[in-house]
Amino acid sequence: MESEITKYLSETIGERLAGSEADRKAAEYIAGKMKELGLEVEYQKFKFVGWEITRKARLELLQPEQKEILTGSLMFSESTPEGGIIGKIKYVGIQYVIPKLFEWPKYAIVDDKGNHLGYILAHIDGPAMNFVLTDMGKDYGCAPYVIVGQEIHTYFQEKLAAGEEISVRMDTAGKHAPSLETQNVIGTLRGSALPDEEIIVCGHYDCGFESHGADDNASGIDAMLRAAKALVEKGGTKKTVKFVAFGAEEYLLYGSYYYAKTLKEQGQLARVKNVINLDMVGSGEFLWVWVAPESFKQQVADALDQSIKGEFDIQWNLELLPASDHWPFFEEGVPSVHLIFWPYEYLHQEHDSYDKIEVDKIEKAAKATTAIAERLAGVS
């Protein structure tokens, strides 16, 4: 069984960095699929400050042995001097990249006087990957950062616990890319009875650096469009449903923030009654449902019972985290749910490719989304 949409976005288009030509092609493709369903389609273009990696991150172990370490780049990191920095490893604590989700051990590279020259974060749930310094808003550019995987974290811990000295050479470089342009793609299914009340079903279509973005997040776009097709075939909904493919999610949720803030400026945010966000629904061991406030959970739970009960292990998180496109709406008080299959070991890596996708999970995510949207928007 194949998934045309996920395959096209991840293989035919491939890496879809926000602001790139591939990003624009993906938006056009998604808009075309929305038009085929009969949705009213519009683009919401916006500019943002992005990031260009000019020297990919490198980390070389010098002592107690010499070897190259698999390393990922962190966007918005300061650059090292050309040729890198050399120093000793010192464990300095935990960096809360995304609190309660990505809380990663942090090592400093220090000189002979103990000055911090740069930092190494450890992705303790898997290998090195490329990521964004998401929770460092006041500190962007203040120090060089790279990221390593769980295996190197364990190595560092063991050597330091044994009193051994570890020295490394670290090299990374990047720069701000001002005035990049991308877009949100909006497909509207106009409500038959309450058109001024809106339910948003969304997912982002951009992906991380050097990734095919199959699970993250071609799969979410795929499930969103499947849900749109199902609701159209049911004859539409009483409330308006907006299907939104957000741009630049991987850049600090720029697209969804732009959309939500624009609605607020226009006095239209109160029209949005609920948000259903799909991010990474093509692979993983269990369906992780983030939903808040708690009073909203019962509606979601009833819809899941109606649609996919017994299909997968479902785990609930009655707290939303600032990790995807539901967040700008939830911050403004909109009850929201985020569906994600978890864990996924290829997050933000080149191996996030179509061969890792389980199409039945996308189908079930779409089925669940359709049931939630039906319950919230009503069927005409």
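The values are calculated or read from the model by the stated rules, or taken from the named source; none is laboratory data. Being a predicted model, the structure only gives us computed values, none of them experimental. In this analysis, Cβ positions are derived from the backbone assuming ideal geometry, glycine residues included, and neighbour counts consider all displayed protein chains.
Observations, loosely collected:
- Residue, surrounded by the fewest Cβ atoms within 10 Å (Cβ to Cβ), within region 237-262, restricted to residues that are of a type in the set (A, V, I, L, M, F, W, C) and more than 16 Å from the chain's Cα centre (by Cα): Ala260
- Filtering region 128-152 to residues that are in a loop (DSSP other than H, G, I, E, B) and at pLDDT 95 or above leaves Ala128, Met129, Asn130.
- Residue that is surrounded by fewer than 16 Cβ atoms within 10 Å (Cβ to Cβ) and touching a strand residue (DSSP E or B) at 6+ places or on another chain (Cβ under 8 Å), where the choices are Glu265, Glu285: Glu285
- Failed item, numbered, when Thr71 is tested on (1) surrounded by fewer than 19 Cβ atoms within 10 Å (Cβ to Cβ); (2) of a type in the set (Ser, Thr, Tyr); (3) out of contact with any Gly (no Cβ under 7 Å at 6 or more places or on another chain); (4) not assigned by TED's automatic domain parsing to the domain that holds Lys25: (1)
- Which listed residue, of Phe246, Phe209, is under 30 Å from Asp313 (Cβ atoms), assigned by TED's automatic domain parsing to the domain that holds Glu11 and in contact (Cβ under 8 Å) with a residue 40 or more places away in the chain: Phe246
- Counting the residues of region 321-339 that are in contact with a Ser or Thr (Cβ under 9 Å, 6 or more places away or on another chain), touching a residue at least 60 places away in the same chain (Cβ under 8 Å) and farther than 19 Å from Asp216 by Cβ gives 2.
- Yes/no for Val281 being among the β-branched types (Val, Ile, Thr) and over 15 Å from Ile186 (Cβ atoms): yes
- Flag set for Arg16, criterion: in the same structural domain as Gly255 (by TED's automatic domain parsing) and assigned to a loop (DSSP other than H, G, I, E, B).
- Check on Asp171, surrounded by fewer than 17 Cβ atoms within 10 Å (Cβ to Cβ), in a strand (DSSP E or B) and modelled with pLDDT of 95 or more: no
- Region 141-166: number of residues that are exposed (fewer than 15 other Cβ atoms within 10 Å of the Cβ) and touching a residue at least 60 places away in the same chain (Cβ under 8 Å): 5
- Matching residues in region 92-123 - criterion: being in contact with a Lys or Arg (Cβ under 9 Å, 6 or more places away or on another chain) and surrounded by 16 or more Cβ atoms within 10 Å (Cβ to Cβ): Gln95, Tyr107, Ala108, Ile109, Val110, Tyr119, Ile120, Leu121, Ala122
- Near pairs, Cβ below 7 angstrom, 6+ apart or cross-chain, from region 354-371 (more than 16 Å from Ile340 (Cβ to Cβ)) to any residue that is part of a loop (DSSP other than H, G, I, E, B) and of a type in the set (Lys, Arg): none
- Tally, over region 294-316, of residues that are within 24 Å of Pro99 (Cα to Cα) and either buried (at least 16 other Cβ atoms within 10 Å of the Cβ) or outside the structural domain of Ile362 (by TED's automatic domain parsing) (or both): 3
- Residue pairs meeting the criteria (Cβ under 7 Å; at least 6 apart or on separate chains; first closer than 12 Å to Val201 by Cα, in region 229-243; second in a helix (DSSP H, G or I)): Leu231/Thr370; Leu231/Ala373; Val241/Leu231; Val241/Ala373; Val241/Ala377; Phe243/Met34; Phe243/Met224; Phe243/Ala228
- Lys106 being more than 30 Å from Thr188 (Cβ to Cβ), basic (Lys, Arg) and over 25 Å from the mean Cα position of the chain (by Cα): no
- Unmet requirement for Glu345, which otherwise passes all of (1) modelled with pLDDT under 95; (2) in a strand (DSSP E or B): (2)
- Which listed residue, of Lys25, Lys33, is within 18 Å of Glu250 (Cβ to Cβ) and not β-branched (Val, Ile, Thr): Lys25
- Taken over region 201-256, the residue count meeting the criterion of being farther than 20 Å from Leu347 by Cβ, assigned to a helix (DSSP H, G or I) and not basic (Lys, Arg) is 7.
- Restricting region 95-122 to residues that are at pLDDT 95 or above and among the aliphatic types (A, V, I, L, M) leaves a set whose member that is farthest from Asp171 (Cα to Cα) is Ala122.
- Some residue of region 11-20 being free of Cβ contacts under 8 Å to residues at least 60 places away in the same chain and of a type in the set (Asp, Glu): no
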